[in-house]
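Written below as structure tokens is the structure these notes are about.
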Amino acid sequence: MTEKICLISGVGPGTGASLAKRFSDGGYQIAMLARDQKRLASLENDIDGARGYVCDVADEAAVSETVGSIVEEMGQPEIFIHNAVGAVFGNFMEIDPVQLNANFQTNVMGLCYLSRLLAPAMVAAGKGVIIASGNTSALRGKANFAGFAPTKAAQRIFAESMARELGPKGVHVAYVLIDAVIDLEWTREWFPDKPTDYFIQPDDIAETTYQIAHQPRSAWSFNVEVRPFGENW
């Protein structure tokens, strides 16, 4: 029996790790992409059926080589979750334009490179899932988000274009927009006075993403917003 393969980019200690664990629990072999070899090795030990691949998703040649290795060593992924993210904060006069471009390369071009390599096999199989992990900045450009919001907005529109192209061919493309502060060690340090209910939990993001990846064909979602119950929106 062919193993089910899920490829996840940007696997770190928060949402990425939770996604890897949830899909592993769902019976998938997990190909984890990140730039930190030590982190990947640790997660390989913690997650059944997970294999780490060091890869900068902004590097097209590295992406191509890495996907080739994954297909050869694990098989063809039927689910791809683009969780890799680049961000810098400040208004348009404060940010380094070089960093804005770097964020675009990770958030948009990384999604592009990986999808172009993975989608053809999904189309040939008549099934597959591509999900991009998004942010509220995809819908609005606040002053101090000039180095981040433009790239997430472009990412959402790119994913929508893919969804319109691939949906009729049997491939589900969705955009999970996270309207919240994710509960991580460094975000707790940023917001030390906030209660737990203020944060969105990585495991809950992963659970919702898993559900989206397994929606019936007659009721697919594209834009999916998730936020804590107390979020003022």
- Item | Looking only at the range 107-140, and only at residues there that are more than 18 Å from SER161 (Cα to Cα) and not aliphatic (A, V, I, L, M), the one that is surrounded by the most Cβ atoms within 10 Å (Cβ to Cβ) | SER137
- Which of the following residues is modelled with pLDDT of 95 or more, within 25 Å of VAL224 (Cα to Cα), in contact with a Lys or Arg (Cβ under 7 Å, 6 or more places away or on another chain) and among the charged types (D, E, K, R): GLU165, GLU78, GLU160? GLU78
- Query: Restricting the search to the range 38-64, which residues are in contact with a helix residue (DSSP H, G or I) (Cβ under 8 Å, 6 or more places away or on another chain) and among the polar types (S, T, N, Q)?
  - Reply: SER64
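Out of LEU33, LEU43, LEU7, which single residue is closer than 22 Å to THR209 by Cα and assigned to a helix (DSSP H, G or I)? Give the derivation first.
On the way: LEU33 fails: assigned to a helix (DSSP H, G or I); LEU7 fails: assigned to a helix (DSSP H, G or I).
None of the other options fit; the residue is LEU43.
Being in a helix (DSSP H, G or I), of a type outside the set (Ser, Thr, Tyr) and surrounded by 17 or more Cβ atoms within 10 Å (Cβ to Cβ) is the filter here, so list the residues in the range 13-30 that pass it.
Going through the range 13-30, the residues in a helix (DSSP H, G or I) turn out to be 15-25.
Now restrict to residues that are of a type outside the set (Ser, Thr, Tyr): 16-17, 19-23, 25.
Selection gives GLY16, ALA17, LEU19, ALA20, LYS21, ARG22, PHE23.
Residues checked against (1) touching a Phe, Trp or Tyr at 6+ places or on another chain (Cβ under 8 Å); (2) within 21 Å of ILE212 (Cβ to Cβ):
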{"residue": "GLU65", "(1), (2)": "no, no"}
{"residue": "GLN99", "(1), (2)": "no, no"}
{"residue": "THR106", "(1), (2)": "no, no"}
{"residue": "MET109", "(1), (2)": "no, no"}
{"residue": "LEU114", "(1), (2)": "yes, yes"}
{"residue": "ALA119", "(1), (2)": "no, yes"}
{"residue": "ILE131", "(1), (2)": "yes, yes"}
{"residue": "ALA149", "(1), (2)": "no, no"}
- Item | Scan of the range 190-228 for residues that are part of a loop (DSSP other than H, G, I, E, B) and of a type outside the set (A, V, I, L, M, F, W, C), ordered by number | PRO192, ASP193, LYS194, PRO195, GLN201, HIS214, GLN215, PRO216, SER221, ARG227, PRO228
- Of the listed residues (ALA154, ALA143), the one being among the hydrophobic types (A, V, I, L, M, F, W, C), outside any helix (DSSP H, G or I) and surrounded by fewer than 23 Cβ atoms within 10 Å (Cβ to Cβ) is ALA143
- Query: Could you say whether any residue in the range 174-186 is surrounded by 15 or more Cβ atoms within 10 Å (Cβ to Cβ) and part of a helix (DSSP H, G or I)?
  - Reply: no
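The values are calculated or read from the model by the stated rules, or taken from the named source; none is laboratory data. None of these values were measured; they are calculated from a predicted model. A quick note on method: Cβ atoms are made from the backbone with ideal geometry, for glycine too, and the neighbour counts reach across all protein chains shown.
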